[in-house]
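Okay, so here's the structure we're looking at.
The values are calculated or read from the model by the stated rules, or taken from the named source; none is laboratory data. Just so it is clear, the model here is predicted, and its values are computed rather than measured. Note: ideal-geometry Cβ built from the backbone for every residue, glycine included; neighbour counts use all protein chains shown.
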Amino acid sequence: MLENIFTSTLSSTATDLTLTNALITIVISIILGGLISLTYMYTNRSGFSQNFTLTMVLLPTIVAIIILLIGSNIARAFSLAGAFSIIRFRSAPGDPKDIAYVLFTMAAGLAVGTGYYGYAILFTIILCVMMIILNRLNFGSRKTTQRMLKVTIPENLSYEEAFQEVFQRFGVKHELKKIRTTELGSLYELIYTVTMQSSTDQKAFLDEIRCRNGNLDLSLTMSPSPINEY
């Protein structure tokens, strides 16, 4: 029965560009783009760009219209390919999840543009539900996070054992990556790679470190860079 529904949808789609086909394609593309955009906003409540959400609403329609214009005309396809080759995108690569949503919207627009209305709606609903479920399950999240800890200590403090007790008390795994002198050799700067539990009280941990290093400079980098950049 379901197969008959999709077959009837496809058979009713004309190969030539008509006003009815264009309107149906545009309406379905906008609806699917809005559904994908709402799913993205729901799964990214911590923050998202309004420009990106608006783009996801429009992108399926744009792709669908391009497919309608091309149709089965090979010469037209090469002409459009040449026209779009002059476009240069200068935005920096985004988050992998954002890229996945861009591909998602393009696939929906491609399906609608080729006349697979039923399958486009089916695939969009399935993938949106899957995105929501994975987000609710917090799939792929790490229970531990890696940070870069930079501590300045006076020259009379033994850096090998200075913070061992603090690390053990807070259950922080650590590895001393780099040591260098500052202030003409009067101070040492230690760079650790630390692995912390998500439940670790970072403020209390840093306060304990400050008590040991005499309240000298201290930093905890949330997105650690390679050591050779320091």
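Details
- Verdict on Ile179 being closer than 19 Å to Ile153 by Cα and part of a strand (DSSP E or B): yes
- Some residue of the stretch 192-210 being under 30 Å from the mean Cα position of the chain (by Cα), touching a residue at least 40 places away in the same chain (Cβ under 8 Å) and not in a strand (DSSP E or B): yes
- Boolean, Ser72 is modelled with pLDDT under 85, within 30 Å of Leu134 (Cβ to Cβ) and small (Gly, Ala, Ser): no
- In the stretch 178-198, the residues that are under 16 Å from Leu220 (Cβ atoms) and loosely packed, with under 12 Cβ neighbours inside 10 Å: Ser198
- Enumeration of residues in the stretch 32-69 that are β-branched (Val, Ile, Thr) and surrounded by fewer than 21 Cβ atoms within 10 Å (Cβ to Cβ): Thr43, Thr53, Thr55, Val57, Ile62, Ile65, Ile66, Ile67
- Being in the same structural domain as Met106 (by TED's automatic domain parsing) and outside any helix (DSSP H, G or I) is not true of Leu59.
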